[in-house]
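The values are calculated or read from the model by the stated rules, or taken from the named source; none is laboratory data. Being a predicted model, the structure only gives us computed values, none of them experimental. Accessible surface areas use protein heavy atoms only, side chains included; no ligands, DNA or RNA. Shrake-Rupley method; radii C 1.70, N 1.55, O 1.52, S 1.80 Å.
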Amino acid sequence: MLGSLVTLLPVVAVVPFLPPFGLLMLLGWRMLRPDAMRVWAPVPLGFFDDLVSGQPLGSAMLLWTLCGLMVDVLDTRLVWRDFWQDWLIVSGAVGFCLIAGRLLAAPFSAHVDTAMLFQILASALLYPLVARICSGLDRDARKV
């Protein structure tokens, strides 16, 4: 929930490039600890993000749940994963959510595609930092 609130910080920019931090934190935590969250966890988190971000109600709930299910399916298909594969999976999931959210929320005549590409690129570049934050917040891993 705090990741979704990061976008409320007053940042002056010509192009809206802030990535969806809530989704990045959800996916970063899911990649780090798959057993820590239930399958239904993206629904309330997406609802909170919809309330904060102003997207149509239910869009993040649906898209975040689809991304969570996609990651679960990839977990069963891949025998092992390393950080590079996690980075690629999260970048693809965030790109999917941003493109689908654009199709749901903005009319086709809106010129938001370049800003959306900047958001996808910023999300892909920020994933290592998000993975580091998630591993720092993990209390169980620090006990070992």
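Each 10 Å bin from 0 upward holds the following percent of the Cα-Cα pairs of the chain: 11, 42, 36, 10, 1, 0. As a length-normalised measure over Cα pairs under 8 Å and 6 or more apart, the relative contact order of the chain settles at 31 percent.
Using the 1.4 Å probe convention, the accessible area of the chain works out to 62 Å² per residue with neighbouring protein chains retained.
Report, to the nearest whole %, how much of the accessible area of the chain belongs to carbon and sulfur atoms, 1.4 Å probe, protein only. About 72 percent, which is the carbon plus sulfur part of the accessible surface.
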